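Report on the structure given below.
The values are calculated or read from the model by the stated rules, or taken from the named source; none is laboratory data. Keep in mind the model is a prediction, meaning the values are calculated, not measured. No Cβ is skipped: glycine too gets one built from the backbone with ideal geometry, and neighbour counts run over all protein chains shown.
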Amino acid sequence: MKKNALLIGLMSLLLPALTGCDFVRKLAGRPTSQDIAAKKALIELEEQNHRRKLDSVRLVQQQAADSLAVADSLQKAHNIRSSKQLGGLSAARLSSRYYVILGSFSIRSNAEKLAARLQNASREAVLIAYRNGFTVVGACPTNSLRAAADSLKALRALPFCPADAWILCNE
């Protein structure tokens with residue numbers, strides 16, 4: 001009787017271990033619940049990384065679309081011109097792609113006066129020489145078309161800014 005009681009007690013302890021899913025899966029060579037949970041966590045991490053990459057691509061695409069929309073609207077309003085359209089620069093390359101142009105002068109000293117007024121208004125001024133002998137006064141050099149458009153809008157609020165100020169695209 002003692003032997004049967006001991007056998008029944010031992011079986012009652014071992015039976016749940018033998019009938020558990022993980023035990024049966026391990027015997028069959030299948031993944032256990034820990035393996036499945038680890039794989040699930042790995043898949044979720046990969047999905048998050050993939051979503052982050054997609055979001056980053058969408059952001060770049062949106063920025064490109066915004067830039068194209070700004071360029072189109074400025075082109076339609078005749079507020080942007082390329083350096084090639086204007087006969088080309090006589091000096092070496094400019095450091096930035098976009099400049100807000102406030103004036104074009106055949107007499108360089110007049111251009112220097114406008115540049116000084118810009119600098120007094122805490123704006124960066126650049127004198128740009130063209131092959132045709134004219135000197136233009138550029139302001140707010142930038143490599144972003146949106147920043148150039150914003151600068152044009154801000155400069156137009158200055159009292160000495162001409163109404164026909166435009167953006168030069170250095171190509």
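Residue selection: Ser67 satisfies the criterion of being at pLDDT below 75 and assigned to a helix (DSSP H, G or I).
For region 130-145, indicate whether the set of residues that are crowded, with 18+ Cβ neighbours inside 10 Å, within 27 Å of the chain's Cα centre (by Cα), part of a helix (DSSP H, G or I) and touching a residue at least 60 places away in the same chain (Cβ under 8 Å) is non-empty. Yes: one or more hits. Of all residues in region 146-165, those that are among the aliphatic types (A, V, I, L, M), under 26 Å from Ile107 (Cβ atoms) and either without any contact (Cβ under 8 Å) to a residue 12 or more places away in the chain or assigned to a loop (DSSP other than H, G, I, E, B) (or both) total 3.
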